[in-house]
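What follows is a single structure, written as structure tokens, with notes after it.
The values are calculated or read from the model by the stated rules, or taken from the named source; none is laboratory data. Computed from a predicted structure; not experimentally measured. Note that we place each Cβ from the backbone using ideal geometry, even for glycine, and neighbour counts take in every protein chain shown. Protein only, heavy atoms only, side chains kept; ligands, DNA and RNA dropped before computing areas. Shrake-Rupley method; radii C 1.70, N 1.55, O 1.52, S 1.80 Å.
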Amino acid sequence: MGSITSGARGHGGYGWRYGLIDMSSNMNPLGTPGELIELIRECVNNGCYSHYPTELGDELREALSTFEGVEPGITYVFNGATEALQLLFMNLRPRRVVIPVPNYSDYLRLGRLVNSEVRLIEYWGRDDLANLIINEAGPGTVVILSNPNSPIGYLIGRDQLLVIAEELGRRGSVLIVDESFMDFVGDNQSLIRDVQQYDNVYVVKSYTKFLAIPGLRVGAVYTRNDIGELVPTWPVNSIAEYAVSRYMRRAHEFRRLTIKYVEEERDRLVNSLRELGISVYESRTHYFMIRHEPWLGEELLKHGVLIRDLSNIPPLMKGYFRVSIKSKEIDDSFLDILLKLKKSKNNFNF
């Protein structure tokens, strides 16, 4: 069972498979919107799976661009953000990849996939990011980061990112911003509406997390560059295109409800964890990083709780974990188990 918390790719389904309290998954704590579920059922009942989706995902492309307030011409859809990132890397073929770390572990894999020199710059969301990365930039360099950051949850201001984009452009470098968790943040700092002003900026976004549909892969790239040749024929399946395209027309209210719940429940859960003596890093989204004794993940697993071990993400080590907000009932169960652990063993120094 120890391998479950190893942080290996594809571990996200374990909570469902083993009946665990899964505090590791970073899907929307409100779950899949009911209207979206009905649209999926409607699609299946009508047999839309027996028809091809649009050739380049045009229906979904139109819906996502409307949701983001931009033109469809700068919107390209993919079978999830991971596919989008991989195809972008394979197309750009950077000589050097610069990653502020801790960050999403797949960026390191992608840099290695295209045989780039990978430079890891330690950044925890507090200092001037531009000063840390600019000296590493030059022709053929790609700087990639998540905003909000994964796994810590800090948010980089739009103005700071635009300064970085300008300076990278002068040096012949590219900026890729992964905004897969921006819909969980009240203070939206998205660069999607800015990409038309920069030919060296790509914004990648997953809609899987926000809509809580990990089985239906929906991602997009926003850029002024024509990357149509990167888009596979039929980039999304017919069920995802039918249901998500129709739901996104009214997804703004779901985003508002999501942000409201995240802000309220995050404060409650974080304060409770700190009262138990667990170190919690500040976060602007629905997950946060905690630090405790390395045995915490394994001990919680014995009690039916899964948290995300972050020790595979440089420069983190054993003892760093990610916890995600769930329903109030699940969060209370998690806190109750932690409290029992604290009380039951004298040598567990919380």
Just to be sure I understand, how many residues within the stretch 290-338 are under 20 Å from MET27 (Cβ atoms) and either outside any helix (DSSP H, G or I) or of a type outside the set (A, V, I, L, M) (or both)? 23
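Only one residue in LEU56, LEU108, LEU88, LEU120 is more than 30 Å from GLU282 (Cα to Cα) and modelled with pLDDT of 95 or more. Which one?
Working: LEU56 fails: modelled with pLDDT of 95 or more; LEU108 fails: more than 30 Å from GLU282 (Cα to Cα); LEU120 fails: more than 30 Å from GLU282 (Cα to Cα).
Every option except LEU88 fails the conditions.
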Show the residue pairs that are 6+ apart or on different chains and have beta-carbon atoms under 8 Å apart, the first residue being within the stretch 298-319 and without any contact (Cβ under 8 Å) to a residue 60 or more places away in the chain, the second being in a strand (DSSP E or B) and acidic (Asp, Glu). LYS318/ASP309
I'm trying to understand the selection: among the residues of the stretch 203-222, which are more than 13 Å from GLU179 (Cα to Cα) and either touching a helix residue (DSSP H, G or I) at 6+ places or on another chain (Cβ under 8 Å) or modelled with pLDDT of 95 or more (or both)? LEU211, ALA212, ILE213, PRO214, LEU216, ARG217, VAL218
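Please work out if SER245 is under 30 Å from LYS343 (Cβ atoms), crowded, with 23+ Cβ neighbours inside 10 Å, in contact with a helix residue (DSSP H, G or I) (Cβ under 8 Å, 6 or more places away or on another chain) and not aromatic (Phe, Trp, Tyr). Write out each step before concluding.
Details: under 30 Å from LYS343 (Cβ atoms): no; crowded, with 23+ Cβ neighbours inside 10 Å: yes; in contact with a helix residue (DSSP H, G or I) (Cβ under 8 Å, 6 or more places away or on another chain): yes; not aromatic (Phe, Trp, Tyr): yes.
Answer is no for this residue.
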With criteria (1) closer than 30 Å to ILE307 by Cα; (2) part of a strand (DSSP E or B); (3) hydroxyl-bearing (Ser, Thr, Tyr), TYR202 comes up short on (1)
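Report, by residue number, each residue of the stretch 310-350 that is of a type in the set (Lys, Arg), open to solvent by 40 Å² or more (accessible area, probe 1.4 Å) and either closer than 30 Å to SER146 by Cα or at pLDDT 95 or above (or both).
In the first step, residues of the stretch 310-350 are kept if they are of a type in the set (Lys, Arg); the result is 318, 322, 326, 328, 340, 342-343, 345.
From what's left, open to solvent by 40 Å² or more (accessible area, probe 1.4 Å): 318, 328, 340, 342-343, 345.
Passing the criteria: LYS318, LYS328.
Yes/no per residue for (1) open to solvent by 10 Å² or more (accessible area, probe 1.4 Å); (2) within 19 Å of the chain's Cα centre (by Cα); (3) modelled with pLDDT under 95; (4) more than 28 Å from SER65 (Cβ to Cβ):
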position: GLY125; (1), (2), (3), (4): yes, yes, yes, yes
position: ALA165; (1), (2), (3), (4): no, no, no, no
position: GLU179; (1), (2), (3), (4): no, yes, no, no
position: VAL201; (1), (2), (3), (4): no, yes, no, no
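Hey, could you check the stretch 100-120 for residues that are of a type in the set (Ser, Thr, Tyr) and open to solvent by 10 Å² or more (accessible area, probe 1.4 Å) and say which is farthest from ILE313 (Cα to Cα)?
Residues of the stretch 100-120 that are of a type in the set (Ser, Thr, Tyr), as a first pass: 104-105, 107, 116.
Those still in the list that are open to solvent by 10 Å² or more (accessible area, probe 1.4 Å) too: 104-105, 116.
On the way: TYR104: 8, SER105: 6, SER116: 19 Å.
Filtering first and then ranking leaves SER116.
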Filter the stretch 6-26 for residues that are in contact with a Ser or Thr (Cβ under 8 Å, 6 or more places away or on another chain) and either outside any helix (DSSP H, G or I) or modelled with pLDDT of 85 or more (or both) and give the result. GLY7, ILE21, MET23, SER24, SER25, ASN26
Long-range neighbours under 7 Å by Cβ, at least six apart or interchain, first residue open to solvent by 70 Å² or more (accessible area, probe 1.4 Å) within the stretch 52-69, second assigned to a loop (DSSP other than H, G, I, E, B) and of a type in the set (Lys, Arg): none
